[in-house]
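A short write-up of the structure that comes next.
The values are calculated or read from the model by the stated rules, or taken from the named source; none is laboratory data. Being a predicted model, the structure only gives us computed values, none of them experimental. Note: ideal-geometry Cβ built from the backbone for every residue, glycine included; neighbour counts use all protein chains shown. Areas reflect the complete protein model, heavy atoms only, side chains present, ligands, DNA and RNA absent. Shrake-Rupley method; radii C 1.70, N 1.55, O 1.52, S 1.80 Å.
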Amino acid sequence: MKNFLAYSLVRLGVDAIDIYRPARLDPAVPIEDTIGAIADMVKAGYVRHIGLSEVGSDTIRRAHKVHPIVDLQIEYSLISRGIEDDILQTCRELGIGISAYGVLGRGLISGHWSKGGAGAQDYRNISPRFQAANLDTNLALVEKLRAIASEIGASVAQVAIAWVAAQGNDIVPLVGARRRDRLTEALGALNVKLSPAHLADLAKAIPADAAAGGRYPEAMLAHMDSEKRSA
């Protein structure tokens, strides 16, 4: 961990990293050891804050006992609501923010996706939500979202991003774009204010379990600590 942090400092050309997060939990290494190693680097001045990524409540609590955790990077969107079961509550109890990635479901709920849109090396070729009947079901959800977005006067992507932002001031939607127009569209979500009526319409149109297919293939989900539910 310390070696890879050193490599990151060199590659980034900085003296310290604001938030350093292990991307996934290593099942062979106790989280206490991992966080303890990063905490040593905090004391040395190379890291300012420690975050986590895609871990469950038990791991979050164990890590937080070693050193304060400031944020959890995890998938959260209208169609990926798993953190609402207990992870979000745990983070709020401990004062840990959420850096929400996948807010557009890897483009699925951007309003721009259509069948056959994936290139040869695209992850979506193996993503369950983009396969056959699953894709048909999920694109039907997008059309429901499109109708609501039209009433609001915003794009589908903007409403999807605004929904995540509306779930709490402790949640920051992460957006990415390969094109400038898509970046401009995403930033426009800052101007979309969802009323209680809008949120109710979205909840009715896209319930928490509405998406067809898992967010990752089963083999990958089996190794993700965030998918393990607290007893």
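So what are the radius of gyration and Dmax for the Cα set of the range 49-166, in Å?
Expressed in Å, the Cα Rg and Dmax of the range 49-166 come to 16.6, 48.
Taking only protein heavy atoms and a 1.4 Å probe, what accessible area per residue, in Å², does the range 80-139 have with all protein chains in place? Let's see the in-between values first.
Numbers: 2700 Å² over 60 residues.
For the range 80-139, the per-residue accessible area is 45 Å².
Calculate for the chain the 222 nm mean residue ellipticity that helices alone would give, adding -39,500 (n - 2.57) per DSSP H run of length 4 or more and normalising by residue count, nearest 500 deg cm²/dmol. Write down the numbers at each step before the final one.
Details: 9 runs with 95 residues, N = 231.
One gets -12500 deg cm²/dmol as the mean residue ellipticity at 222 nm.
Nearest 10 degrees, 0 to 90: what angle lies between the long axis of helix 156-165 and the longest principal axis of the chain (Cα atoms)?
40
What is the distance in Å between the Cα centroid of the range 172-226 and that of the range 102-166?
The two parts, judged by their Cα centres, are 8 Å apart.
For the chain, what's the relative contact order in percent, using C-alpha pairs closer than 8 Å and at least 6 residues apart?
Details: 325 pairs, mean separation 50.9, N = 231.
Here the relative contact order equals 22 percent.
Which of the pairs 43/228; 144/228; 144/204; 2/228 have their Cα atoms more than 21 Å apart in this structure?
Values: 43/228 32 Å; 144/228 31 Å; 144/204 10 Å; 2/228 28 Å.
Beyond 21 Å between Cα atoms: 43/228; 144/228; 2/228.
Students often check this: by mean Cβ neighbours within 10 Å, which of 31-39, 4-12, 195-203, 68-76 ranks highest, and how do the rest follow?
Details: 31-39: 17.9, 4-12: 11.9, 195-203: 13.8, 68-76: 21.8.
In descending order of packing, they fall as 68-76, 31-39, 195-203, 4-12.
Please compute the per residue accessible area over the range 180-231 with all protein chains in place, 1.4 Å probe, rounded to a whole number of Å². Mind dumping the intermediate values first?
On the way: 3370 Å² over 52 residues.
Heavy-atom SASA per residue in the range 180-231 reads 65 Å².
Please report, in debye to the nearest 20, how large the charge dipole of the chain is about its Cα centre when each Lys and Arg carries +1 at its beta carbon and each Asp and Glu carries -1 there.
Values: 26 positive and 26 negative charges, 102 e Å.
Around 480 debye, computed over the chain.
Determine the per residue accessible area of the range 1-77 with all protein chains present and a 1.4 angstrom probe, expressed in square angstrom. Can you show the working numbers first?
Details: 4030 Å² over 77 residues.
Result: 52 Å² of accessible area for each residue.
For a Förster distance of 35 Å, can you work out the FRET efficiency between the beta-carbons of residue 6 and residue 65, rounded to the nearest 0.05? Spell out each step's value before the answer.
Working: r = 26 Å, r/R0 = 0.74.
Result of the calculation: an efficiency of 0.85.
On the accessible surface of the chain, probed at 1.4 Å, how many percent belong to carbon and sulfur atoms?
Values: 6540 of 12150 Å².
Its accessible area is 54 percent carbon and sulfur atoms.
Please state, to two decimals, what the Cα-based radius of gyration of the range 1-83 comes to when divided by 2.2 N^0.38 Å (N = residues).
On the way: Rg = 13.3 Å, N = 83, 2.2 N^0.38 = 11.8 Å.
This ratio for the range 1-83 stands at 1.12.
Pairing the Cα long axis of helix 31-43 with the longest principal axis of the chain, what angle in degrees results, from 0 to 90 and rounded to the nearest 10?
70
With the alpha-carbon atoms as the only input, what is the per residue convex hull volume for the chain in Å³? Don't jump to the answer; show the numbers that get you there.
Numbers: hull volume 34.6 nm³, N = 231.
That works out to 150 Å³ per residue.
Apply 1/(1 + (r/R0)^6) to the Cβ-Cβ distance of residue 40 and residue 136, taking R0 = 35 Å, and write down the FRET efficiency to the nearest 0.05. Kindly include the intermediate steps, with their values, before the conclusion.
Details: r = 51 Å, r/R0 = 1.46.
Computed FRET efficiency for residue 40 and residue 136 comes out at 0.10.
By how many nm would the segment from residue 86 to residue 218 lengthen if fully extended, with 0.36 nm per residue of separation less the alpha-carbon distance?
45.4 nm
Could you state the angle between the C-alpha long axis of helix 57-66 and the longest principal axis of the C-alpha atoms of the chain, as a value from 0 to 90 degrees rounded to the nearest 10?
The answer is roughly 30 degrees.
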